[in-house]
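Below is one structure, written out as structure tokens, with a few remarks after it.
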Amino acid sequence: MSVSPKGLQGIKTIRDFELADKVVFLRLDLNVPLEGGKITDDTRITASLPTINFALEKGAKLVIASHLGRPKAFGDKKYSMEPVAQRLTELLKREVILIEDPKSDAVKALLMGLKKTQVILLENLRYEPGETENSEEFAHAMASYTQIYINDAFGASHRAHSSIDALPRIVKNKGIGFLIEKEIQMLDKLMTSPARPYLAVMGGAKVSDKIDVIEKLMDIVDGIIIGGAMAYTFLKARGLSVGKSLVETDKVNYAKEMIARMEARGKSLLLPVDHLVTEDFNSGKAELVPGESIPEGKMGIDIGPQTIKLFSRAIQESKTVFWNGPMGVFENPAYAKGTFAIAQALAESQATKIVGGGDSAAAAEASGFADKMTHISTGGGASLEYLQGVRLPGLEALRPPKTSEKL
Ligand code: AMP
């Protein structure tokens, strides 16, 4: 049994099983972005390849399963796994057979005569309402053809859904794939033995989304940088004017308290010292405000050059950096400079740099520096919840009961 980081205690990995001729149910996160039926970013598919290829090389009969978006009804074509099946066919150079209904006998029938050159892919698990309801009945249907269950869907492991929770609870032989293993090892290292100084770079839209993770990080890190729209709530808490920038009024007191707590612990909290502002979000126009305060009628949309210098220096002085959330409205190239400069500073630093998923992963990708990061998480929500100390249902369902109680 592989026992490495604490978070994986008691959990087997795909290496621990004899896979030859066994039916392996591989729960992946193939929830890729689609536009007009075309995959616009296949990172989640390529990130799953090591586990898929390992299972195939060992001679497993593979049933691959994932959710895709939020379909409204069974068979909702917009969320069909068809494009994923096509991409997998190209990448695996095998025939990928797409099964409409994971509950039907078609799966068992196909498995009986499955050739080495074929792989089964189930249609969008969320076509079945039982998936999000964590249905036992749906889980039993999937378990009826599963000999070994492997979860490698890190990005979905914070959801107690049927294929993540109920199904592995009723399958005896179960474990994780290489992607989850790497994700947890990286996140565990951040929580237990980060090289110091350890800096968290937080950005994005809302303080309220990140309070829990900030609370946890505050104990562990040596310093926190706050950029993005979140920063204006903090600047307001410091009594500065923020114009019409996004502010969460009900979080201003929290921000005040947090500033005081960081000070009391002697930890640094860096906020923007200059800004790019606009009057109209959609105009693509921006002007520089050289100080901390933002004038009436203007809205902060990116950090300014002095802030870039300040934040980059802090990154250079750190040995571990966790980055979550863009520094501005990076989706618009006119407001992306700050975010990309932070990505560059990370790329140039010798630190261990871990990027939280979601928008931060997209920003790292768009900056062109993604390959210079130590690790980019494939799961935004899952990585933040894990860092907060929340137990992920997708991991807990894989532990023997005793280990789960002790942790
Ligand atoms: P999150 O999902 O919380 O990481 O937030 C990411 C979003 O925050 C992105 O879509 C950014 O466009 C947005 N964002 C970052 N900075 C700002 C800003 N100054 N004003 C408005 N939105 C922002």
**OP:** Determine whether the stretch 309-316 contains at least one residue that is polar (S, T, N, Q), without any contact (Cβ under 8 Å) to a residue 40 or more places away in the chain, more than 16 Å from the ligand (Cβ to nearest atom) and part of a loop (DSSP other than H, G, I, E, B).
**Re:** no
Original post:
How about the stretch 1-42: which of its residues are in a helix (DSSP H, G or I), surrounded by fewer than 16 Cβ atoms within 10 Å (Cβ to Cβ) and within 21 Å of the chain's Cα centre (by Cα)?
Top reply: LYS6
Original post:
From the list VAL207, VAL242, which one is closer than 25 Å to TYR335 by Cβ and at pLDDT below 95?
Top reply: VAL207
Original post:
Taking the stretch 90-131, which residues are buried (at least 16 other Cβ atoms within 10 Å of the Cβ) and among the hydroxyl-bearing types (Ser, Thr, Tyr)?
Top reply: TYR127
Original post:
So which residues in the stretch 208-231 are aliphatic (A, V, I, L, M), within 8 Å of the ligand (Cβ to nearest atom) and assigned to a helix (DSSP H, G or I)?
Top reply: MET230, ALA231
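Could you run through the stretch 324-357 and say how many residues are polar (S, T, N, Q), without any contact (Cβ under 8 Å) to a residue 40 or more places away in the chain and either within 15 Å of the ligand (Cβ to nearest atom) or under 23 Å from VAL273 (Cα atoms) (or both)? Can you show your working first?
Step one: of the stretch 324-357, the residues polar (S, T, N, Q) are 324, 332, 339, 344, 349-350, 352.
Subset that is without any contact (Cβ under 8 Å) to a residue 40 or more places away in the chain: 344, 349-350.
After this cut, where a residue has to be either within 15 Å of the ligand (Cβ to nearest atom) or under 23 Å from VAL273 (Cα atoms) (or both) as well, the list is 344, 349.
Residues meeting the conditions: 2.
For the stretch 267-287: of the residues being free of Cβ contacts under 8 Å to residues at least 60 places away in the same chain and of a type in the set (A, V, I, L, M), which is nearest to the ligand (Cβ to nearest atom)? Full working, then the answer.
We begin by selecting, within the stretch 267-287, every residue free of Cβ contacts under 8 Å to residues at least 60 places away in the same chain; these are 267-275, 277-287.
Then drop every residue that is not of a type in the set (A, V, I, L, M), which leaves 269-271, 273, 277, 286.
Values: LEU269: 18, LEU270: 16, LEU271: 13, VAL273: 15, VAL277: 9, ALA286: 11 Å.
Step by step, filter the stretch 267-287, then rank; the result is VAL277.
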Original post:
Looking at GLY10, GLY36, which one is within 29 Å of GLU133 (Cα to Cα) and in contact with a Pro (Cβ under 6 Å, 6 or more places away or on another chain)?
Top reply: GLY10
**OP:** Scan the stretch 245-266 and report the pairs whose first residue is within 13 Å of GLU215 (Cβ to Cβ) and whose second residue is away from the ligand (no atom under 16 Å from the Cβ) and not in a helix (DSSP H, G or I), with Cβ atoms within less than 8 Å and a gap of 6+ or a chain change.
**Re:** MET258/LEU269; MET262/SER268; MET262/LEU269
Original post:
So is THR307 under 30 Å from LEU190 (Cβ atoms) and touching a Ser or Thr at 6+ places or on another chain (Cβ under 6 Å) or not?
Top reply: no
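Just a yes or no: is a residue in the stretch 268-281 farther than 22 Å from SER312 by Cα and in a helix (DSSP H, G or I)?
Let us first name the residues in the stretch 268-281 that are farther than 22 Å from SER312 by Cα, namely 278-281.
Okay, now just the ones that are also in a helix (DSSP H, G or I), so none.
No.
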Subject >> Output for the stretch 282-301, where each listed residue is out of contact with any helix residue (DSSP H, G or I) (no Cβ under 9 Å at 6 or more places or on another chain), outside any loop (DSSP other than H, G, I, E, B) and not hydrophobic (A, V, I, L, M, F, W, C) >> reply: GLU287
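Looking only at the stretch 197-207, count every residue that is in a loop (DSSP other than H, G, I, E, B) and within 18 Å of ALA345 (Cβ to Cβ) and tell me the total.
At the first step, the residues of the stretch 197-207 found to be in a loop (DSSP other than H, G, I, E, B) are 197, 203-206.
Of the ones still in play, those that are also within 18 Å of ALA345 (Cβ to Cβ) are 197, 203-204.
Residues flagged as in a loop (DSSP other than H, G, I, E, B) and within 18 Å of ALA345 (Cβ to Cβ) within the stretch 197-207 amount to 3.
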Original post:
THR320 versus (1) more than 19 Å from LYS210 (Cβ to Cβ); (2) of a type in the set (Ser, Thr, Tyr); (3) more than 16 Å from the ligand (Cβ to nearest atom): which is the lone unmet condition?
Top reply: (1)
Original post:
Across the stretch 235-261, what is the total count of residues that are closer than 21 Å to ASP359 by Cα and either more than 13 Å from the ligand (Cβ to nearest atom) or not β-branched (Val, Ile, Thr) (or both)?
Top reply: 3
Original post:
Which condition number does SER360 fail, the rest of (1) within 8 Å of the ligand (Cβ to nearest atom); (2) out of contact with any Lys or Arg (no Cβ under 8 Å at 6 or more places or on another chain); (3) part of a loop (DSSP other than H, G, I, E, B) being met?
Top reply: (3)
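The values are calculated or read from the model by the stated rules, or taken from the named source; none is laboratory data. All values reported here derive from a predicted model rather than from experimental measurement. Please note: Cβ atoms are built from the backbone with ideal geometry, for glycine as well, and neighbour counts cover all protein chains shown.
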